[in-house]
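The values are calculated or read from the model by the stated rules, or taken from the named source; none is laboratory data. On a predicted model such as this, the values are computed, not experimentally measured, just so you know. Cβ placement follows ideal geometry from the backbone for every residue including glycine, while neighbour counts extend to all protein chains displayed.
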C-alpha cells in the first residue's frame, strides 16, 4: 500500500512534466523501456534493491545504462532522481500508475479479449469499433487465444467483464439444473 502511494506520487509528478512538455506517450515509452531493462535482468534488479551496495555505485550503473539508451534528458534526470531517492526498485509500479494517468488524459481504455479461436482482422476491427462506441473512448485491444473457453469470447474493459464463452454458459446451465433437482 505504501509503495503504491509513493509510486502514484512519483508518477503524478512525472506525468505533470510530460503533460507540460506534450510528451505523454514518448516519456511513457522511455520509462517502460528502462523498466524492461531492469526487469529483464535479475542481477540488476537485485543489485538496485540491495541496501548493502552504495548509492553512488547504483547511480553509476544507472547512468551507464542511460548512456546506452536513447532517453530524453528529462526522463534520464527522473530515473537518476529515483535512484538517488532509492525508489528505482518501484519503477514498474510508477510506470503502471503513469500509464493510468496517461490513458485518462488521452481518453483511452485498455481491453483484453480472450477467444477460443483466432479472430480475423475484420472481426477485430468490428469488435474494437463496437467497444469504442460503447465506451466513447479510444480502445487498445489485446487479443489472446484461449482454447479452454471451448467457444465464444470474454472481453474485459477496465473492471467490466463481458463473458459470452461456452464454458460460462455451460456452468450456468449446470448451476440451474443443480438448483432444480
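Listed by first and then second residue, the pairs linking a residue in segment 40-52 that is in contact (Cβ under 8 Å) with a residue 24 or more places away in the chain to a residue that is in a helix (DSSP H, G or I) and surrounded by 14 or more Cβ atoms within 10 Å (Cβ to Cβ), with Cβ atoms under 6 Å apart and 6 or more places separating them unless they lie on different chains, are 45/38; 48/58; 48/88; 48/89; 49/89. Of all residues in segment 23-54, how many are assigned to a loop (DSSP other than H, G, I, E, B) and either closer than 12 Å to residue 92 by Cα or under 22 Å from the mean Cα position of the chain (by Cα) (or both)? Qualifying residue count, segment 23-54: 3. Filter segment 1-20 for residues that are farther than 14 Å from residue 78 by Cα and touching a residue at least 12 places away in the same chain (Cβ under 8 Å); which is surrounded by the most Cβ atoms within 10 Å (Cβ to Cβ)? Within segment 1-20, the match that is surrounded by the most Cβ atoms within 10 Å (Cβ to Cβ) is 8. Exactly one residue among 131, 127 is free of Cβ contacts under 8 Å to residues at least 40 places away in the same chain, more than 30 Å from residue 9 (Cα to Cα), under 21 Å from the mean Cα position of the chain (by Cα) and crowded, with 19+ Cβ neighbours inside 10 Å, and that residue is 131.
Of the residues examined, residue 153 is not one that is in the same structural domain as residue 13 (by TED's automatic domain parsing) and in contact with a helix residue (DSSP H, G or I) (Cβ under 9 Å, 6 or more places away or on another chain). Restricting attention to segment 151-170, the residues that are under 17 Å from residue 108 (Cβ atoms) and either modelled with pLDDT of 85 or more or buried (at least 16 other Cβ atoms within 10 Å of the Cβ) (or both) total 3. Only residues that are surrounded by 15 or more Cβ atoms within 10 Å (Cβ to Cβ), in a loop (DSSP other than H, G, I, E, B) and within 19 Å of the chain's Cα centre (by Cα) were counted across segment 81-124, and they come to 1. When residue 13 is tested against (1) part of a helix (DSSP H, G or I); (2) farther than 22 Å from residue 110 by Cα; (3) touching a helix residue (DSSP H, G or I) at 6+ places or on another chain (Cβ under 7 Å), only condition (3) is not met.
Inspect all residues belonging to segment 73-87 and state whether any of them is on the phi > 0 side of the Ramachandran plot and not assigned by TED's automatic domain parsing to the domain that holds residue 158. Checked against the condition, which is being on the phi > 0 side of the Ramachandran plot and not assigned by TED's automatic domain parsing to the domain that holds residue 158, segment 73-87 yields at least one hit. Residues of segment 134-150 include at least one that is in a helix (DSSP H, G or I), within 28 Å of residue 20 (Cα to Cα) and at pLDDT below 90.
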